[in-house]
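Enquirer: Sending over a structure as structure tokens; questions will come in a sec.
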Amino acid sequence: MKYDTGITSEVLTVTSRMRVEDVIKKITEIKCNATLDWINSLNVNIENSVVVGAYLTGIELSKRLKRISNVTVIDIYPHLEKFVENNVEFNSDLMKIKDADLVVDTTGLGGIRPKIAKLIKGNVFLVEDPVSDGSDDLIHQKNNIINRLRLSNSQYRGILKTEGLNSKTSGTMTLTVEVLRKSLEDVLKRSGVLYGIAGMEFYEGALFKEKDVDKFLRLIKKPALTVSTLEPVSCDEIIENYLKKICSEVKNVSI
């Protein structure tokens, strides 16, 4: 916990040690651990992996998968190549999925069209489910991942599900904002807290509208929580409690 005096000596300004990027990283770790546990349980040989979607979850998965195979990350946005690490190929050609032993689709709502999944012939196809425990009827109606899985030719098919915060979707940024929002609500209930600010912003505007990766990376370095209070309060403990509620698992799909 870090704090300074506020407007007067009676008031403290408390800042979380965790930054927005730390919350993002912890959520992607939860998803990646579940994914790798499932892949390892299949006991199949994977030489070439393709991750569709070069955003938060997809990039973290590419870092993990490059330890066990060659990895290609596919995305329609060329500027997202800045996220890709060394020894990982970046490409915009979806035809690359034809030659992969493992395909992981992280594109969620409005992602790859189901008919594209017909090209998948490798042993393993995993799709991240965009719906979560708080998804409404319209979100469920727009979710077409079962059709993607059905049309593929993979022997092993799985759905990565993430729940725990009653969030509208399972997207990493959605979950990040939920952690920040709920943490702020909790801290405001504490005795002696005057007000608080969560590190929330429309980060995706910088990344997908302005197409400015460097700006996005700067923005997520802001503190997750900043609080004006009469007594010290552990912002990081509150944040961690919500992160512990997030659970990811892969469910096998038989179609």
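Enquirer: For residues in region 115-131 being open to solvent by less than 30 Å² (accessible area, probe 1.4 Å), outside any loop (DSSP other than H, G, I, E, B) and free of Cβ contacts under 8 Å to residues at least 40 places away in the same chain, which is nearest to residue 45 (Cα to Cα)?
Expert: 125
Enquirer: Moving on to the next point. For region 219-226, indicate whether the set of residues that are farther than 30 Å from residue 44 by Cβ and among the polar types (S, T, N, Q) is non-empty.
Expert: Yes - at least one qualifying residue is present in region 219-226.
Enquirer: Give the residues of region 162-197 that are buried (at least 20 other Cβ atoms within 10 Å of the Cβ) and part of a strand (DSSP E or B), sorted by residue number.
Expert: 162, 169, 196, listed by residue number.
For every residue, the table says whether it meets (1) not assigned by the TED database to the domain that holds residue 81; (2) not β-branched (Val, Ile, Thr).
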| residue | (1), (2) |
| --- | --- |
| 134 | no, yes |
| 152 | no, yes |
| 159 | no, no |
| 182 | yes, yes |
| 185 | yes, yes |
| 190 | yes, yes |
| 201 | yes, yes |
| 212 | yes, yes |
| 224 | yes, yes |
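Enquirer: Search region 198-250 for residues being among the β-branched types (Val, Ile, Thr) and within 18 Å of residue 173 (Cα to Cα), and hand back the single one that is surrounded by the fewest Cβ atoms within 10 Å (Cβ to Cβ).
Expert: 213
Enquirer: Just to verify a result, which residue in region 132-160, among those that are outside any helix (DSSP H, G or I) and more than 16 Å from residue 171 (Cα to Cα), is most open to solvent (accessible area, probe 1.4 Å)?
Expert: It comes out as 155.
Enquirer: Separate question: Within region 58-70, which residues are of a type outside the set (Lys, Arg) and open to solvent by 10 Å² or more (accessible area, probe 1.4 Å)?
Expert: 59, 60, 68, 69, 70, listed by residue number.
Enquirer: While we're on this one: Being open to solvent by less than 20 Å² (accessible area, probe 1.4 Å), closer than 19 Å to residue 28 by Cβ and part of a helix (DSSP H, G or I) is the filter here, so list the residues in region 71-102 that pass it.
Expert: Matches in region 71-102: 80 only.
The values are calculated or read from the model by the stated rules, or taken from the named source; none is laboratory data. Since we're looking at a predicted model, the values are computed, not measured. Please note: Cβ atoms are built from the backbone with ideal geometry, for glycine as well, and neighbour counts cover all protein chains shown. With ligands, DNA and RNA removed, areas are computed over all heavy atoms of the protein, side chains included. Shrake-Rupley method; radii C 1.70, N 1.55, O 1.52, S 1.80 Å.
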